Amino acid sequence: MDNRPIGVLDSGMGGLTAVRELLKILPEEDIVYFGDTGRVPYGTRSAEIVTQYAMQDISFLLSKDVKLVIAACGTVTTTLPEELTGRFRFPYTGVLKPTVRTALAATRNRKIGVIATATTIRTGAYERELKRLCPEAEVISGACPLFVPLVENGYVDRQNPVTRMVAEEYLAPIRAAGVDTLILGCTHYPVIAPILADVMGEGVTLVDSGKAAADYARSMLAEAGLLTGRKSRGSCSYYVSDAPDDFARNASIFLGERFGGEVGRIEITNYPDTIV
């Protein structure tokens, strides 16, 4: 039993899709969320910069005495090397491994599509992990850099012509390859899942990386005996590195009526990019 909060980080607001799932499956838990809105997007940055930013983000969450860190950001998850995360002295998960396992359980023809930011696709991390667990899997990947700004600017309605046009172009080669499962490798993408489902057509399962990470986090906490003993509803605290009002205004895109609480601004560069 552990009443400390769960920590969730993202480059901006996409990690709120993981928070949304946590609120469903672990409503008694407290959550501390950090979105690095002052430095978003991470998906166009170098691996060195993403690693520096991610370590500062984690340092901030640790200052809040969290019991688990969830990197609800595909770019962070696929960029931080296992030699680094394996040395963490605190429970940690990203979205990669939970998402891959969910996709492999869903696929029937072993043709799996992966869409994510440019940095995530460049790492090849999803393809490597899919092939490691299922060598016969055929993986078709595609970078979708415009989806993050479209989501964060509210272009999320199912009939939005701009987002739909972009999705048609991005997904055409993946659809043509005959995949039956599509990994949404960026936690922003589930917000536009209805559009993506329409474009991919019937018979294609979309795998929500935020949901997969939340489900895995619950199992980690349960196995370690770290679930809270409270029966009352937990609280959420939100922190950003720029424009709290903008975050609060747009959070309903991800959380709907579940969003509540104050949003605080912090100076993330004050936190170290190394963890002892």
| message | Name the single residue that is nearest to the chain's Cα centre (by Cα) among those in the stretch 175-189 being of a type in the set (A, V, I, L, M) and surrounded by 17 or more Cβ atoms within 10 Å (Cβ to Cβ). | response | Leu184
| Residues located in the stretch 142-174, provided they are open to solvent by 60 Å² or more (accessible area, probe 1.4 Å), over 20 Å from Thr120 (Cβ atoms) and charged (D, E, K, R) | Asp157, Arg158, Glu168
| task | Check the stretch 32-52 and report whether any residue there is touching a strand residue (DSSP E or B) at 6+ places or on another chain (Cβ under 8 Å) and either free of Cβ contacts under 8 Å to residues at least 60 places away in the same chain or on the phi > 0 side of the Ramachandran plot (or both). | result | no
| the stretch 101-141 - residue that is under 20 Å from Glu48 (Cα atoms), among the hydrophobic types (A, V, I, L, M, F, W, C) and out of contact with any Pro (no Cβ under 6 Å at 6 or more places or on another chain) and, of those, surrounded by the most Cβ atoms within 10 Å (Cβ to Cβ) | Ala116
| Does at least one position in the stretch 255-264 carry a residue that is surrounded by 16 or more Cβ atoms within 10 Å (Cβ to Cβ) and either touching a Ser or Thr at 6+ places or on another chain (Cβ under 6 Å) or assigned to a helix (DSSP H, G or I) (or both)? | yes
| query | If we scan the stretch 25-48, do we find a residue that is in a helix (DSSP H, G or I) and within 28 Å of Glu138 (Cβ to Cβ)? | reply | yes
| What's the number of the condition Gln52 fails, among (1) in a helix (DSSP H, G or I); (2) buried (at least 24 other Cβ atoms within 10 Å of the Cβ); (3) modelled with pLDDT of 95 or more? | (2)
| remark: The condition of being within 17 Å of Pro272 (Cβ to Cβ), crowded, with 17+ Cβ neighbours inside 10 Å and touching a helix residue (DSSP H, G or I) at 6+ places or on another chain (Cβ under 8 Å) holds, among Val69, Val95, only for Val69
| note | Exactly one of Arg20, Arg45 is over 26 Å from Arg87 (Cβ atoms), basic (Lys, Arg) and open to solvent by 30 Å² or more (accessible area, probe 1.4 Å), and that one is Arg20
| task | Tell me, please, whether a residue that is within 22 Å of Gly74 (Cβ to Cβ) and surrounded by fewer than 16 Cβ atoms within 10 Å (Cβ to Cβ) can be found in the stretch 199-208. | result | no
| Just checking, which of Arg233, Arg218 is open to solvent by 30 Å² or more (accessible area, probe 1.4 Å) and more than 26 Å from Leu104 (Cα to Cα)? | Arg233
| message | Any residue at all in the stretch 8-28 that's of a type outside the set (A, V, I, L, M) and more than 17 Å from the chain's Cα centre (by Cα)? | response | yes
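The values are calculated or read from the model by the stated rules, or taken from the named source; none is laboratory data. Every value quoted in this text rests on a predicted model; they were computed, and no experiment measured them. For neighbour counting, all protein chains shown are included, and Cβ atoms are generated from backbone atoms with ideal geometry for every residue, glycine included. Protein only, heavy atoms only, side chains kept; ligands, DNA and RNA dropped before computing areas. Shrake-Rupley method; radii C 1.70, N 1.55, O 1.52, S 1.80 Å.
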